[in-house]
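Where a number appears in this text, it was derived from the coordinates with a stated rule and is not lab data. Since this is a predicted model, take the numbers as computed values, not measurements. Cβ placement follows ideal geometry from the backbone for every residue including glycine, while neighbour counts extend to all protein chains displayed.
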Number of protein chains: 2
Amino acid sequence: MTSPSAPSNTVFFDFVCPYAWRGLELAQVLRKAGEQGFKLRHFSLVQGNHADNAGQQEPAWWLTDQPGNEGNSFQQSSLLAFLAAGAAARQGEEMHWAFTLALFRAVHEDKKSLDEAAIMEAANTADLDMDQFAADRADEAALRTSLRTDLAEAAEIGIFGTPTFILPGGEAAYYRFENLTRELDTARQWWKLYGEVLNSGAGIATVKRAKNRPAKKT
Amino acid sequence: MTSPSAPSNTVFFDFVCPYAWRGLELAQVLRKAGEQGFKLRHFSLVQGNHADNAGQQEPAWWLTDQPGNEGNSFQQSSLLAFLAAGAAARQGEEMHWAFTLALFRAVHEDKKSLDEAAIMEAANTADLDMDQFAADRADEAALRTSLRTDLAEAAEIGIFGTPTFILPGGEAAYYRFENLTRELDTARQWWKLYGEVLNSGAGIATVKRAKNRPAKKT
């Protein structure tokens, strides 16, 4: 769907994060219009916020080393979703996006639990080849290895929240916003503003609202 | 110097912070051009980051309750500078700005220590009435009360870093950037971009670089 000539960005996300959902919806609008490309990568908030990893660039605690049935619900559901998305990715970029968005919408728009039922429904919505999906999910060791690559690169970049977008020039920042758009002109404006902040001659490191003056939801 | 019709913003800052220095230089360019007004207010980073205040909206530990010769060097120098700036403010808005900028430049541009010598030099540079300045500094209880008002309002707003600018509409955010400008067109652009982020329909809460992809200094 993405034009081969579109700029190639990257987005790191965690399925548990509603800001990541809105970020991916924005990215999808620009992808569909052929204006921007976005490579999907995974970052684990549970891993990033884990006490054993505090203050360390090289994580001591890895989500990929955990059994699927251990840890709190964020840990379990995040790992389950990442591995499922890795399996969906084997059916190509479009299927990867369709599955990822379907799962995000189920959880953050339709308020379903991030669990096996939501994953199977998202796979159906995305129109995955279900036999292939099941076979690929069973190849769990390889899916964990692939996820580990994403988590290691995220740690190297110093990602701390999602969505974090990386521009073709390597500029990378957490971009947190409250509102949803699926409208092209609006998506263009919101994406352009992000690029302007990162590319400003001011060398902007952070714009962050004061805690008790939050951004407005519309 | 500020035009009475210029929009009235507020900036919270701490003298120990180099980002606050650049923020105030930006504000001064716009003030001098008569395009924006900025009310100077104090926020204490030592107080904001104090362990006793973690997770509490109403601070338990107040800089204004501390003796001037206690705590680490950031605490002592910050309190000393705030009280001196409060005394300078009694000679009017222009003197307040002149003293504040002279002290910021001494510390962050000329790399001097934030101490009594720097304060006296800044007072001279700002051309304060030195007898009046000495008399006003001696009125320490009143200066502490006035500082307390700033710190209490900052806590109420949920300010956590400096500079934090508050727009006339009440939008407030930490704006951290690496580069210095004293050029009007550039200052206009950097200020406009900040306003665009806060007023975007996206409801932007945060744009923050990944730790290992810092903003570029030029």
Could you let me know the centre-to-centre spacing of region B:21-81 and region A:146-218, using Cα atoms, in angstrom?
28
Selection of trypsin sites (Lys or Arg not before Pro), region A:44-143, meeting DSSP coil and at most 13 other Cβ within 10 Å:
A:111
Span-rule helices in chain B, defined as complete DSSP H runs reaching 15 Å or more along the axis (Cα) with Kyte mean at least -1.0:
B:18-32, B:73-89, B:93-104, B:140-157, B:184-199
Dividing the mean separation of Cα pairs under 8 Å (6+ apart) by the residue count of region A:10-84 yields a relative contact order in percent of 32
Distance in nm between label sites at residue A:138 and residue B:56, each 7 Å beyond Cα in the beta-carbon direction?
5.9
Under the definition of Cα pairs under 8 Å and six or more residues apart, what whole-number percent is the relative contact order of chain B?
28
Exposure-ranked with fewest Cβ neighbours within 10 Å first, B:40, B:24 stand as B:40, B:24
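For the protein assembly as shown, what ratio Rg/Rh do Cα atoms give with a Kirkwood hydrodynamic radius?
Details: Rg = 25.0 Å, Rh = 23.9 Å.
Here the Rg-to-Rh quotient is 1.05.
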Positive end of the dipole of region A:9-198, charges at C-beta (+1 Lys, Arg; -1 Asp, Glu), about the Cα centre: which of A:96, A:29, A:13 has its Cα farthest in that direction?
A:29
For region B:164-173, what does the Karplus curve 6.51 cos²θ - 1.76 cosθ + 1.60, with θ = phi - 60°, yield as ³J(HN,Hα) per residue in whole Hz, taken in order and with x for Gly and Pro?
10, 9, 10, 7, x, x, x, 5, 9, 7
Using 0.36 nm times the number of residues separating residue B:120 and residue B:35, minus their current alpha carbon distance, what extension gain do you get?
27.5 nm
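What's the extension gain from residue A:110 to residue A:129 if we count 0.36 nm per residue and subtract their Cα-Cα distance?
Values: separation 19, 0.36 × 19 = 6.84 nm, distance 2.37 nm.
Here the answer is 4.5 nm.
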Within region A:108-146, list the residues whose amide N lies under 19 Å from a label point set 7 Å along Cα→Cβ of residue A:94.
A:122-133
Over the alpha-carbon set of region A:44-151, work out the extent along each principal axis and list the three values in angstrom, largest first.
42, 30, 23
